[in-house]
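K.L.:
Please find one structure pasted underneath; my questions will follow.
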Amino acid sequence: MEQMSIFDRKMSVPIAERLRPADLNEYVGQSHLVGEGKILRQLIESDNISSMIFWGPPGVGKTTLARIIAGATKAEFIDFSAVTSGIKEIRNVMQQAENNRRFGEKTIVFVDEIHRFNKAQQDAFLPFVEKGSIILIGATTENPSFEINGALLSRCKVFVLQPLSEDDIYKLLVRAIHDKRGFGSFKIHIEEDIIRAIALFAGGDARTALSTLEMIIINSRTSDTEVTVTKEIFEQCTSRKSLLYDKKGEEHYNLISALHKSMRNSDPDAAVYWLARMLESGEDPLYIARRVTRFAAEDIGLADPRALEIAVAAYQACHFIGMPECSVHLTEAVVYMSMVPKSNSIYVAYEEAKKDALTQLAEPVPLVIRNGVTSLMRELDYGKDYQYAHDTAEKLTDMQCLPDSLTDREYYRPTEQGLEVRFKNRLKEIKDWKKQRKK
């Protein structure tokens, strides 16, 4: 029988398990819960744990937090799986916990994937939680409001764990490469952009990131002690092509610029291509949706007011369902932005007004449009001679609303593109009417 090499023996235990943090100092992510001074960190460090539910997507540290609590507590810690346990196992554990209570000992019961328990199984925990025989910690990827009995849920504090950021996962991958528990015993040749690409590929899931790194390293081994990772191996192991894309680097800005300018140039084919390049490289769809929303006002504006509605709807769709499903919503928005008439008059209006606002900050608001809410203000002529437009037949007045030094300034100059021609005609009617009133 062939003997395993040191490398093969090292790989026999999954890397996610080998690198599981032993304490909060090694724990990465969830700073809103376990950062300095945060409530969950204080509960763990003071060994003052109460019943709680960890809710979050896979690979974000739910089970790891439970293991850290197990190492920090003086209570007996019982690890329990909802996948392999039934009512009989629950009753046996509850009896053990009850015996511990009689001797003045606390028992913490950790139930992984607690949402897999049915109502009867969950009910079996309830009386023991109520009388303090156990402290229950549950981990779930499902919304506890729907998957956990209301009576049991009301006795637990729910902590929501978020997907890890790209930077968090990058730190984990670097640690895995250098830590003796990971691949620190080997000489690993891997470029930073490949590590970043793995972090992007993982989508906030640390377990996926570490497993992907492990697969890539196994398939990149050049000797028993040395590994050289190439872009080609990364692509083969992830079935993804050309993902070496830094969301914070130059290529990030190059691609969003290409998308923006393709839409501005009314080129839907180019716009969809650059959209696909960004999404398939792991770009956050919400970032793209925000940029498309900006485009709708900056480059289209009142030439087609529906553009902003469609952009906002696409953002909401991305928020609701995420990738890959939301790619079609972004495509619809990008094609629409490319095809409709363009006008930058709204953008120009604000930029010119901003310039005046910054250089003439001392310009007072005209008294006529100030709000005279107190008797003193009214004595000082706040709101004096104010004209309420709705009281007139035309719904217009010739009241001056700009400061004296800016009386004749024009910021909004509508074009004749698309629907904006209507606004142009309406604005001309308003200005002509006001000129006639001033004669």
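K.L.:
Of all residues in the stretch 396-411, which are open to solvent by 60 Å² or more (accessible area, probe 1.4 Å), in a loop (DSSP other than H, G, I, E, B) and touching a residue at least 40 places away in the same chain (Cβ under 8 Å)?
P.N.:
409 - this is the single residue of the stretch 396-411 that is open to solvent by 60 Å² or more (accessible area, probe 1.4 Å), in a loop (DSSP other than H, G, I, E, B) and touching a residue at least 40 places away in the same chain (Cβ under 8 Å).
K.L.:
Go through the residues of the stretch 85-99 one by one and say whether even a single one is open to solvent by less than 10 Å² (accessible area, probe 1.4 Å) and closer than 18 Å to residue 20 by Cα. Spell out how you get there, then give the answer.
P.N.:
Narrowing the stretch 85-99 to residues open to solvent by less than 10 Å² (accessible area, probe 1.4 Å): 90, 94, 97.
Next, from what is left, pick out any that are closer than 18 Å to residue 20 by Cα: none.
No, the stretch 85-99 contains no residue that is open to solvent by less than 10 Å² (accessible area, probe 1.4 Å) and closer than 18 Å to residue 20 by Cα.
K.L.:
Quick one: count up the residues across the stretch 376-395 that are touching a Gly at 6+ places or on another chain (Cβ under 7 Å) and either open to solvent by less than 70 Å² (accessible area, probe 1.4 Å) or closer than 19 Å to residue 350 by Cα (or both). Explain how you work it out, then say what you get.
P.N.:
Our first condition is that a residue be touching a Gly at 6+ places or on another chain (Cβ under 7 Å); within the stretch 376-395, this holds for 378, 382-383.
Cutting the leftovers down to either open to solvent by less than 70 Å² (accessible area, probe 1.4 Å) or closer than 19 Å to residue 350 by Cα (or both) gives us 382-383.
Of the residues in that region, 2 qualify.
K.L.:
Still on this structure, I have one more. If you check 310, 288, which single one turns out to be β-branched (Val, Ile, Thr) and either part of a loop (DSSP other than H, G, I, E, B) or open to solvent by 10 Å² or more (accessible area, probe 1.4 Å) (or both)?
P.N.:
Unique residue meeting the criteria: 310.
K.L.:
Residues that are buried (at least 18 other Cβ atoms within 10 Å of the Cβ) and closer than 30 Å to residue 219 by Cα: does the stretch 178-185 have at least one? So that I can check it myself, show each step before the final result.
P.N.:
In the first step, residues of the stretch 178-185 are kept if they are buried (at least 18 other Cβ atoms within 10 Å of the Cβ); the result is 182-183.
So of that shortlist, the ones also closer than 30 Å to residue 219 by Cα come out as 182-183.
Yes, because at least one residue in the stretch 178-185 is buried (at least 18 other Cβ atoms within 10 Å of the Cβ) and closer than 30 Å to residue 219 by Cα.
K.L.:
Would you confirm whether or not the stretch 309-329 contains a residue that is within 22 Å of residue 421 (Cα to Cα) and out of contact with any Phe, Trp or Tyr (no Cβ under 9 Å at 6 or more places or on another chain)?
P.N.:
Yes - at least one qualifying residue is present in the stretch 309-329.
K.L.:
Identify the single condition in (1) exposed (fewer than 14 other Cβ atoms within 10 Å of the Cβ); (2) part of a loop (DSSP other than H, G, I, E, B); (3) within 31 Å of the chain's Cα centre (by Cα) that residue 373 does not satisfy, given that it satisfies every other one.
P.N.:
Among (1) exposed (fewer than 14 other Cβ atoms within 10 Å of the Cβ); (2) part of a loop (DSSP other than H, G, I, E, B); (3) within 31 Å of the chain's Cα centre (by Cα), the lone unmet condition for residue 373 is (3).
K.L.:
Can you find a residue that is at pLDDT 85 or above, over 22 Å from residue 63 (Cβ atoms) and open to solvent by 10 Å² or more (accessible area, probe 1.4 Å) anywhere in the stretch 195-214?
P.N.:
yes
K.L.:
Turning to a different aspect of this structure: Mind counting the residues in the stretch 124-164 that are assigned to a loop (DSSP other than H, G, I, E, B), open to solvent by 50 Å² or more (accessible area, probe 1.4 Å) and small (Gly, Ala, Ser)?
P.N.:
Result for the stretch 124-164: 1.
K.L.:
Could we say that residue 352 is open to solvent by 60 Å² or more (accessible area, probe 1.4 Å), closer than 21 Å to residue 405 by Cβ and in a helix (DSSP H, G or I) here?
P.N.:
So residue 352 fits the description; yes.
K.L.:
In addition: Restricting to the stretch 165-184, count the residues that are outside any helix (DSSP H, G or I) and under 13 Å from residue 211 (Cα atoms).
P.N.:
Number satisfying all stated conditions: 2.
The values are calculated or read from the model by the stated rules, or taken from the named source; none is laboratory data. Predicted model only: the values in this text are computed from it and were never measured. Heads up, the Cβs are rebuilt from the backbone with ideal geometry, glycines too, and the neighbour counts pull from every protein chain shown. To get the accessible areas, we keep the full protein, side chains included, count just its heavy atoms, and leave off ligands, DNA and RNA. Shrake-Rupley method; radii C 1.70, N 1.55, O 1.52, S 1.80 Å.
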